[in-house]
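Heads up: the structure comes next, in structure tokens.
The values are calculated or read from the model by the stated rules, or taken from the named source; none is laboratory data. These numbers were taken from a predicted model, which means no experiment stands behind them. Glycine also receives a Cβ, built like all others from the backbone with ideal geometry; neighbour counts cover every protein chain displayed.
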Amino acid sequence: MEKIILTGDRPTGKLHLGHLAGSLKNRIRLQNEANYDEMYLMIADAQALTDNFSNPKKVRDNVMEVAMFYLASGIDPRKTNIFIQSEVSALTELTFYYMNLVTVSRLHRNPTVKSEIKLRGFDESIPAGFLNYPVSQAADITAFKTTLVPVGDDQLPMIEQTREIVHSFNRIYGETLVEPKEILPESSYAKRLPGLDGKSKMSKSLDNCIFLDDSDEEIKRKVMSMYTDPNHIRVEDPGQVKDNAVFIYLDVFCEDEHFKKYLPEYHNLAELKAHYEKGGLGDVTIKKFLANILIELITPIRDKKQELESNIEYVYEVLKEGTEKANQRANQTLREVKEKMGLDYFTNAKFLEEMQEKFQNK
Ligand code: TRP
């Protein structure tokens with residue numbers, strides 16, 4: 001079977017460390033392992049509009065921004081097709097047909113949608129488009145016959161919903177769509193990186209992010225403001241590593257070599273943690289260490305992005321070409337889907353024959 005990889009992001013702002021840990025790293029690894037037939041990366045502008053419909057400029061402006069973050073962090077357009085969701089109209093058509101296969105109450109039960117509804121204060125006035133976005137995401141995934149979706153764990157309900165739609169469609173109309181599998185990050189913290197404030201998720205709307213183009217100064221300032229252990233007041237106090245955002249980030253981003261470079265008194269994270277738990281290790285030391293690691297990680301991304309900012313035309317061409325390829329594949333699936341549903345009046349000569357037979361034999 002073909003191995004097709006697809007993921008995407010809503011273009012509503014800059015990409016941050018949560019994106020990097022949650023899915024970007026996995027995408028780049030998969031891209032470079034080159035063990036697939038095709039790889040797609042979608043800028044989900046239509047999905048972004050489902051909760052930003054009154055602010056279309058924000059979505060429009062961030063399409064380029066997200067594309068540049070992709071390229072700057074190591075996505076190679078020769079290996080990965082980057083495309084814009086709204087420019088692939090087959091996705092909208094598929095969404096409309098899939099809506100018949102999903103109940104409204106099922107959509108209300110989606111845990112990610114539930115928490116987003118709360119976060120956005122939609123209460124009783126939930127836009128139908130927003131409630132329906134998991135169906136549109138099923139269209140994104142199935143349009144490419146995607147087999148693998150590298151995501152953070154907040155996207156699991158969408159993939160589950162997609163599998164249900166695939167089952168229903170294939171059962172009713174015949175084997176057509178392919179069931180996707182998720183690829184989650186290995187570490188449980190990377191699946192959902194907490195924010196600087198230790199809250200459950202790094203998110204632009206919660207204002208607790210380190211962006212992938214922050215300056216060294218910003219990174220230092222943000223790391224110094226991070227949540228640690230509220231009971232670790234004096235250096236001598238024993239500290240908690242669990243639920244301590246600084247240690248969670250270290251778990252995700254720190255490698256043994258970083259100790260040689262920035263904190264040679266220790267060999268590895270286990271030693272550092274043990275000292276912190278025993279007492280005698282101050283927050284400033286661990287924060288400076290983390291800041292150095294993040295600066296090393298972010299500097300090349302920031303520099304590459306700056307370079308791209310003075311070459312917008314190149315990014316534009318990448319998007320145009322990627323979108324063209326995406327259209328070819330999605331249109332092919334749409335044709336199959338419509339054919340299975342009998343919606344192929346002018347492309348299948350059988351329709352005319354059938355109707356002639358039906359009405360002549362009357
Ligand atoms: N829902 C994803 C997000 O909020 C974006 C997205 C849209 C997506 N369509 C997708 C992710 C298809 C993976 C596959 O980031």
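Structure notes:
- Selected residue (criterion: nearest to residue 199 (Cα to Cα)) from residues of segment 223-240 that are at pLDDT below 95 and of a type in the set (A, V, I, L, M): 233
- Residue pairs meeting the criteria (Cβ under 7 Å; at least 6 apart or on separate chains; first touching a residue at least 60 places away in the same chain (Cβ under 8 Å), in segment 113-133; second among the aliphatic types (A, V, I, L, M)): 132/99; 132/107
- In segment 1-26, the residues that are more than 10 Å from the ligand (Cβ to nearest atom) and in contact with a Pro (Cβ under 6 Å, 6 or more places away or on another chain): 26
- Qualifying position, being charged (D, E, K, R), under 26 Å from residue 9 (Cβ atoms) and out of contact with any Lys or Arg (no Cβ under 8 Å at 6 or more places or on another chain), among 222, 204: 222
- Meets criteria (within 11 Å of the ligand (Cβ to nearest atom), surrounded by fewer than 20 Cβ atoms within 10 Å (Cβ to Cβ) and not hydrophobic (A, V, I, L, M, F, W, C)) for residue 182: yes
- Identity of the residue in segment 41-65, at pLDDT 95 or above and acidic (Asp, Glu), that ends up surrounded by the fewest Cβ atoms within 10 Å (Cβ to Cβ): 61
- Checking residue 129 against (1) surrounded by fewer than 17 Cβ atoms within 10 Å (Cβ to Cβ); (2) of a type outside the set (Phe, Trp, Tyr); (3) assigned to a loop (DSSP other than H, G, I, E, B); (4) touching a Ser or Thr at 6+ places or on another chain (Cβ under 9 Å), the condition it does not meet: (3)
- Summed over segment 79-90, residues that are within 13 Å of the ligand (Cβ to nearest atom) and small (Gly, Ala, Ser) total 1.
- Any hit, segment 28-37, residues being more than 30 Å from residue 295 (Cα to Cα) and either of a type in the set (Asp, Glu) or within 11 Å of the ligand (Cβ to nearest atom) (or both): yes
- Yes/no for residue 205 being outside any loop (DSSP other than H, G, I, E, B) and in contact with a Gly (Cβ under 9 Å, 6 or more places away or on another chain): yes
- Qualifying residues in segment 41-78 (those that are of a type in the set (A, V, I, L, M, F, W, C) and farther than 16 Å from residue 323 by Cα) - the one farthest from the ligand (Cβ to nearest atom): 72
- Scanning segment 20-40 for residues that are in contact with a Lys or Arg (Cβ under 9 Å, 6 or more places away or on another chain), without any contact (Cβ under 8 Å) to a residue 60 or more places away in the chain and surrounded by fewer than 21 Cβ atoms within 10 Å (Cβ to Cβ) gives 31, 32, 34, 35, 37.
- Only one of the listed residues (289, 211) is within 25 Å of residue 300 (Cβ to Cβ) and without any contact (Cβ under 8 Å) to a residue 40 or more places away in the chain. That residue is 289.
- The criterion of being within 10 Å of the ligand (Cβ to nearest atom) and either farther than 29 Å from residue 340 by Cα or at pLDDT 95 or above (or both) holds for residue 149.
- Per the listing 187, 200, 225, 215, the residue uniquely small (Gly, Ala, Ser), over 16 Å from residue 16 (Cβ atoms) and more than 16 Å from the chain's Cα centre (by Cα) is 187.
- Against the criterion of being closer than 26 Å to residue 153 by Cβ and either assigned to a loop (DSSP other than H, G, I, E, B) or touching a strand residue (DSSP E or B) at 6+ places or on another chain (Cβ under 8 Å) (or both), residue 122 qualifies.
- Condition check for residue 220: closer than 25 Å to residue 65 by Cα, at pLDDT below 95 and not aliphatic (A, V, I, L, M): no
- Flag for residue 139 being surrounded by 19 or more Cβ atoms within 10 Å (Cβ to Cβ), at pLDDT 95 or above and part of a helix (DSSP H, G or I): yes
- Residue that is crowded, with 19+ Cβ neighbours inside 10 Å, closer than 30 Å to residue 18 by Cα and among the hydroxyl-bearing types (Ser, Thr, Tyr), where the choices are 285, 323, 299, 333: 323
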